[in-house]
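The values are calculated or read from the model by the stated rules, or taken from the named source; none is laboratory data. A quick note: this is a predicted structure, and the numbers were derived from the prediction, not measured. Every residue, glycine among them, receives a Cβ derived from its backbone with ideal geometry; neighbour counts consider all protein chains shown.
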Amino acid sequence: MATEPTLDSSDSAADAAARASREAASVRGHELPVSFTGSGSEYFRIWIVNLLLTLVTLGLYHPWAKVRKLRYFYGNTVVGEHALDFHGDPLRMLRGFLLVGLLVVLYSVAGNVSPMAGFVAFVIVAAVWPALFRASQQFRMANTSWRGLRFRFTGDMAGAYRAMLPLFVPSLLALAALLFVGEPAQGEPLEAPDNPALVGLAATVPLAMLLLLPLLWWMLKKYQHDHYAIGQVQTQLRTGAGSFYLVFLKTLGVGLLSALVVGAVGGLLAGAGIVALFSGRARGTDWFGAAVAFVAVLMLAYAAMVLVVQPYVTSRLQNLIWSRTKSTEVRFESSLRFWPLFGLSVKNWLLVLLTLGLYWPFAAVAMARLRLGAVTAFTRNAPDELVSRVRDRADDASGDAAGDLFGIDIGL
Amino acid sequence: VNTAAPASTEAEFFDGVSARARRVTLRIVGDQLRIDGEAWHEQVALDEVQWPERTRHGARITRLSGGRSLQALDAAAWDAWWLAGGMAESAVVKAQQSWRGTAVAVVLLLVLLGASYQWGVPWLSRGALLLVPESADRAIGEAALDSAVGSLLQPSKLPAARQEQLRAAFASAVQRTHPNDPPAYELRFHATPRGSLLGPNAFALPGGTIVVTDALVELFKDRDDVLLGVLGHELGHVRLRHGMRLLVQVTLVGSVTTLVLGDFSTLLAAAPALLGQMAYSRDLEREADQEAIALLRASGISPAVMVALFERLGGAKTGAGQAAGDKEERSGLGIAFSSHPADEERMQVFREAAAR
């Protein structure tokens, strides 16, 4: 490995010691631990000022707020000895933000005007969604730098659409079948129980979607992690869809287990209410008691979802995805354990609820610290030897704004 | 900050092409930033330098032209050097870095949230109504009616003569109340299926459709004056475009709560929006009650007749054993989740209007 030509022309004999250490390191690679150095109280101050200015300006300040937030989070994400930096231009992001805001307003208005208009709007959004997703990835990467080098996202447009096939194919098949079986727009939609084809369709499509969900997730993550690049290094996600199915299967098990626990606890609570409901004495307060018990069970189920299932799947997927993101030059290790994440989720939720949301910035920082701190990067060559070949121009910011509004964002 | 202002600071220089760091010393000389490397030096005009914002934690990365950048080795030393160089930071950064500024921001934020909830959102939504064409209201109303007719609403079983009589009485009351600009409306009578939660009811859809259930007309078969008051209330919703206003207000509140809490949990963000919707809906009911009072007055009927509405509706509910309404024992908590103000409050309004 030592005979590898160095890409830096200014390398001189003075660096002999450095080269020796590089040779020693190349056996194991250079270790670049990732850590997050931000503090909750500081992010609270940034957050509250951002929020105030955003509200005062009726939302127009949002891109500036977002840039401040991202610069704080990036500036505190330390890889090796150097922090990341975010270069997004708020003015350009404002344009994207307004464009996406307009789309969202049109979308919600269309849904209110008529089901048909809502459906058309949905089809249009679905059709441009992969392009927006790709644009968002490009914008994010092109505006992220480390040691003065910009990252790149090299995924192409066709790849973005290909990655979403597990979502599109069943939807299109269902749509085609619906049109073929009969025109449902007039009269009774979908609830004609005498039509077995429709009933079969209504049952298979959600099932197919559920079965394809891990595949979809894998294809999306593969599309992302196959195309991150910095300098001459490009990553790959080296794992098959099978590993994603395994994680989803285990998550299903964890979900069922917590459902059992919720059922047992909730059963005790609901028991009294349900007995009252069916004993024929259901009036006034009894009904109220049953309703309270029912709501309590729903809340418990939601809590189990957010506090147990979500941390479980988050930790397993982060470990899977980052530990399998590698190339000849770089690899990652992620060892995010479930129990610390579970504990932190419980603490964050409790405190956010108790403080009516004011704890949220502290929660965000604590979460970033735990999740980022679990990751370590290893490079074969010294990071000094990274060299940028192309200087990309950042694409339109509307992709980033869309990703933000619809909740898609990169994990690291 | 040191009393002896540091004239220089150490940093790493990145050229934007290679990830290799070069150790440099920085000085501010006049309106130039002087960068001294091991075997080279460079001057950059200060107004071409993009300085980082001061934070307690995190890196100080300065951007120069051509993708080049400087990273401070020691953030505290960097800040001391930078401030000593006569640089000024923005008001936002100052506020973010002081607890006093943050406390002011918290207070302002609470005042702002309260004021926009109370006045800002209703005011903005009234303005937005001027921009939304009434055809949008009609489209929404028609879509809602189409989905309800057939299942929730069935053809009326009231005699045609009775329907005609009510229509005529209402039409002349509307003409008397708004002689110059009578609002456009369409009055429909509908039967409801057995066991329907609608029961004796009346409601207005966006766009001007007023639906009255047969059960309501039957419950008040001897009290046309009460029915007129109910229709006046619904006409108030129509005239003031309450359906569209509520939609706009809820959208506004929803965007604000999503902005504040959406990052954390969309469910948590939806809760204040829902409570906001209920509160605004109660305000709109109060406005519509005032419209009913105006219509009754113009028809020479005392607003006090509306008390009978709440008494009979309350009686119908408890008598029929409809527990779902749970009207008889409403605590303050119950009202927070309710789309209408408490019956007692509304009866009081009509009584006071009659006394005036």
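Tabulated values for the structure
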{"item": "Residue satisfying condition, being at pLDDT 80 or above, surrounded by fewer than 17 Cβ atoms within 10 Å (Cβ to Cβ), assigned to a loop (DSSP other than H, G, I, E, B) and not aromatic (Phe, Trp, Tyr), within set B:300, B:325, B:321", "result": "B:300"}
{"item": "Residue match in region A:304-312 (condition: at pLDDT below 95, closer than 22 Å to residue A:217 by Cβ and of a type in the set (Gly, Ala, Ser))", "result": "yes"}
{"item": "Qualifying residue in region B:27-36 (condition: out of contact with any helix residue (DSSP H, G or I) (no Cβ under 7 Å at 6 or more places or on another chain), surrounded by fewer than 17 Cβ atoms within 10 Å (Cβ to Cβ), assigned to a helix (DSSP H, G or I) and away from chain A (no Cβ under 14 Å))", "result": "no"}
{"item": "All positions within region B:212-225 that are surrounded by fewer than 22 Cβ atoms within 10 Å (Cβ to Cβ), among the aliphatic types (A, V, I, L, M) and either at pLDDT 90 or above or under 17 Å from residue B:299 (Cβ atoms) (or both)", "result": "B:217"}
{"item": "Where residue A:105 falls short, out of the listed (1) more than 10 Å from every other protein chain (Cβ to nearest Cβ); (2) more than 21 Å from the chain's Cα centre (by Cα); (3) surrounded by fewer than 17 Cβ atoms within 10 Å (Cβ to Cβ)", "result": "(1)"}
{"item": "Single unsatisfied condition, residue B:104 versus (1) β-branched (Val, Ile, Thr); (2) within 11 Å of chain A (Cβ to nearest Cβ); (3) closer than 21 Å to residue B:281 by Cα", "result": "(3)"}
{"item": "Residue match in region B:86-108 (condition: at pLDDT below 90, over 24 Å from residue A:47 (Cα atoms) and out of contact with any Cys (no Cβ under 9 Å at 6 or more places or on another chain))", "result": "yes"}
{"item": "Selection count where residues are part of a helix (DSSP H, G or I) and either modelled with pLDDT of 90 or more or away from chain B (no Cβ under 14 Å) (or both), scope region A:130-181", "result": "36"}
{"item": "Residue list for region A:102-134, filter: more than 27 Å from residue A:151 (Cβ to Cβ) and not aliphatic (A, V, I, L, M)", "result": "A:107, A:108, A:111, A:112, A:114, A:115, A:118, A:119, A:122"}
{"item": "Scope region B:193-203; condition in contact (Cβ under 8 Å) with a residue 40 or more places away in the chain and either assigned to a strand (DSSP E or B) or closer than 16 Å to residue B:230 by Cβ (or both); matching residues", "result": "B:198, B:199, B:200"}
{"item": "Candidate set from region B:86-96 (those that are surrounded by fewer than 19 Cβ atoms within 10 Å (Cβ to Cβ) and of a type outside the set (Val, Ile, Thr)); member that is nearest to residue B:30 (Cα to Cα)", "result": "B:86"}
{"item": "Of all residues in region A:78-95 being within 19 Å of residue B:52 (Cβ to Cβ) and in contact with a helix residue (DSSP H, G or I) (Cβ under 6 Å, 6 or more places away or on another chain), the one that is farthest from the other protein chains (Cβ to nearest Cβ)", "result": "A:93"}
{"item": "Tally, over region B:41-77, of residues that are within 11 Å of chain A (Cβ to nearest Cβ), without any contact (Cβ under 8 Å) to a residue 40 or more places away in the chain and surrounded by fewer than 14 Cβ atoms within 10 Å (Cβ to Cβ)", "result": "1"}
{"item": "Pair list, Cβ under 6 Å, 6 or more apart: region A:28-42 residue touching a residue at least 60 places away in the same chain (Cβ under 8 Å), other residue aromatic (Phe, Trp, Tyr) and assigned to a strand (DSSP E or B)", "result": "A:29/A:378; A:31/A:378"}
{"item": "Complete set of residues in region A:31-64 that are more than 9 Å from chain B (Cβ to nearest Cβ), modelled with pLDDT under 90 and either part of a helix (DSSP H, G or I) or touching a strand residue (DSSP E or B) at 6+ places or on another chain (Cβ under 6 Å) (or both)", "result": "A:63"}
{"item": "All positions within region A:350-370 that are within 17 Å of residue B:272 (Cα to Cα) and part of a helix (DSSP H, G or I)", "result": "A:352, A:353, A:354, A:360"}
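Here's the yes/no breakdown for (1) under 21 Å from residue B:257 (Cα atoms); (2) touching an Asp or Glu at 6+ places or on another chain (Cβ under 7 Å); (3) more than 14 Å from chain A (Cβ to nearest Cβ); (4) of a type in the set (D, E, K, R):
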{"position": "B:79", "(1), (2), (3), (4)": "no, no, no, yes"}
{"position": "B:88", "(1), (2), (3), (4)": "no, no, yes, no"}
{"position": "B:93", "(1), (2), (3), (4)": "no, yes, no, no"}
{"position": "B:138", "(1), (2), (3), (4)": "no, no, no, yes"}
{"position": "B:169", "(1), (2), (3), (4)": "no, yes, yes, no"}
